[in-house]
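The values are calculated or read from the model by the stated rules, or taken from the named source; none is laboratory data. Owing to the predicted nature of the structure, the values given are computational and were not obtained by experimental measurement. For neighbour counting, all protein chains shown are included, and Cβ atoms are generated from backbone atoms with ideal geometry for every residue, glycine included. Keep in mind that these areas ignore ligands, DNA and RNA; they rest on the heavy atoms of the full protein, side chains included. Shrake-Rupley method; radii C 1.70, N 1.55, O 1.52, S 1.80 Å.
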Amino acid sequence: MGQAISPPMNPGDYEVEIHVEQQLDWHTIVPFGAHSDSVLIRTPLRVAEKLQTITLDARPQQKPIYSAWDSKNNSENFSDLLAKGQAAFQSVKTGNGIQIPMSQGFWGMRLPLLQQGIRLENLNWGLDHSPELDAWNFDRVMVYRGSRSTIKATDGNGVVVETKWGPAPHTWHRDYQQVCQVQGFNGQWQAAGKLNWNPSGEWSRAHQFHWSFQRSGNIYTPVGWMRNTGQYEGSLSYSMRTRNVQLMTSVYDAKNGIYAGSRIGNLSDLQRSLSGETPPSIGPFSYALALPYQRVHHGRVHLQILSSNPLDLSIQTNYRKEYDWNRSGDFPQLEIALISLQQQKQWNLNSIQLGLHATEQWQRYGGFYFIPDYVSVQNGASLHWKSKSVDLALRYDLQYRTTLYPFRDERHFHLPAIGVSKQWRKIQFHYNFSSRSPSIVELYARGVHHGAASYLQGQNTLKTEHTHKIQWLIQNESFGWQVFLMHSPSFIDLFPMKDPVLTVRGAFPGFEYRQQSAVYAGIASEATSVTLAGPWSLDVKAQLTWARLIELQRFPNLLPSPNGQMTLIYRQEKFTLHTALLGTMRQPFYTPNTDFAPPPAGYLRLDLSVEWKDKSHANWKFFITNASNTLYYDYLDRFRYFLPAPGINIGLRWQQGYHHHYNH
């Protein structure tokens, strides 16, 4: 490793790319303090020997959110990982194991998720489908705003999330990490491993392999266990890197029980829950999964041709089955298969970056009708101009979508996007104009959505959704503020129907999609590692989001409630204690009689964790979530209609690294 001297930089975290012979050879995140005139960059010896100068991009990024491999995290899913990482993120829950990231009040299709530059394409089945991504299957998460979000997606609405794969600076030799974790009240056990292998110490052929598996039983709440809410989840991934090529492949499999008490939207159970009676399905702890449940498989292959003008090619397969409580046997109520091909080509011309993008999709739907089969083709081009303090991005995509069965309908959508970013020392300004085509669910859905326990009705007259957003970010070493304002003249939202929908399988709470003007605004702040005295420090996070549907003069549903978190930290060399107090207010921005239940009361929750290292350099963590076993209901949880949020949970995590390096 070596030390690079740089001119004075604004405080923040900078992305550093090291190019040797015009090819990307190393990537890392470098923090600059308030008065930095030099920075320590850890690189492998093979890189350091070839370096003469390093050029830093003078646009600091927000601090990355690290994956579950970071010992500070004990997140059980990707959404929870983001919510713990930044104050601007929350988590929407639509069922057991189904948690969807939310940023600034936007989620699902309005928050694009990329894996190493390639978009994850299993979110187009509706807002109630989460990004099925293992929290152990990547190394860090980057959040892009302004011009950088426009280059990534036309429909990012100013925020795009990307998971990054990449080894730590010294791990391209022989490095293996093993994690085991158990949790008490839902009987969860989990194991994961990560191997880096590069015997030669050069880019001749470097390998990385991830694996993980977890199993859990019924979720525990202060009133008992939620019957049929067990799950298992597993993933495998392999990456191979040479100087000119990087190949990544991964598979994911999960089986989630759907809470039996909801009866997939049975109205009598809903009314019983709202009247305060205990749902009939509270039962003993069990690993058993009976109907209803959902089964999910994903596969992905991604090839990158690494050069000064890179090329990306990928194929994704997504397969899902859902089974109905009221039907016997193995016949799926819903069966979806989706294949996506993506191609991206980029040209770097000094301060200008040009790109071409293409995506082809084929979807086959089986089971009882909910959405049609379709084919979609989306092609586009982008331009990104970068100066010392201003970035400008332009992108234009054209999408053609044709439904095939049981009816034929052809639609095309023009999707322009603009992004501008400006830097003034510690202040960042971002403007975005975004375009999003209505999803296949928003246009054509007609039937019972199992995970959401509701009936959904699409609207085939919906048009392209356009949004304008401005964001201000203020950052220094320990403090950060985010302020945003968004206006959309054609916002698509989900509205409760006046009466339940009567089907051949009973009455269901009904929702339908409509389009109208909307305004969103919000603020989020966080302070990290604020020194109090000696080994004591404090982390604080808070956020507030407000929105209004203009024509209807009402608030949209599922806005994040005002919330905050204060964490007191005691840190010694090999010992760390965290005491976190999480507070959520009752949602004040709610219009009466627009949901099946009013917002629940606010609550306080206490989480505790102790982390230490033993003589073998193993890392141990003992944690308790909801330590006081508080009975509360979360406004962003669709299943608050039936049961409270999970109660106390106790867990123990062990992580051990095994290293054999040429250069430490």
*Can you list residues whose amide H is under 5 Å from residue 554's amide H, if they're 5+ apart or on another chain and H is modeled 1.01 Å from N?*
549
_If you roll a 1.4 angstrom probe over the protein chains with everything in place, what fraction of the accessible area of the range 381-471 belongs to carbon and sulfur, to the nearest %?_
59 percent
_For the range 343-447, which trypsin sites (Lys or Arg not before Pro) pass both filters: DSSP loop (anything but H, G, I, E, B) and at most 14 other C-beta atoms within 10 Å?_
388, 408, 425
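Accessible area, 1.4 Å probe, largest first: how do 78, 213 sort?
On the way: 78 5, 213 75 Å².
Final ranking, largest accessible area leading: 213, 78.
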_I'd like the trypsin sites (Lys or Arg not before Pro) in the range 601-664 restricted to DSSP loop residues with at most 10 other Cβ atoms within 10 Å, sorted by number._
615
*Compute, for residue 582, the solvent-accessible surface of its heavy atoms (probe 1.4 Å) with the complete set of protein chains present, and express it in square angstrom to the nearest 10.*
40 Å²
*Leaving ligands, DNA and RNA out of it, work out the accessible area of residue 362 with a 1.4 Å probe and give it in Å² to the nearest 10.*
110 Å²
*Could you order 164, 152 so the one with the most accessible surface comes first? Probe is 1.4 Å.*
152, 164
*How long is the gain from residue 542 to residue 375 if the chain were fully straight, where each residue apart is worth 0.36 nm and the alpha carbon distance is subtracted?*
55.9 nm
*Can you tell me the FRET efficiency between residue 223 and residue 606 if r is taken as the Cβ-Cβ distance and R0 is 22 Å, rounded to the nearest 0.05?*
0.70
*Say a paramagnetic label sat at a point 7 Å from the Cα of residue 315, along Cα to Cβ; which residues of the range 329-348 have their backbone N under 16 Å from it?*
338-344
*Cα gyration tensor shape of the range 597-640, rounded if a/c is under 1.5, else prolate or oblate by comparing a/b with b/c*: prolate
*Accessible surface, 1.4 Å probe, highest first, among residues 384, 414*: 414, 384
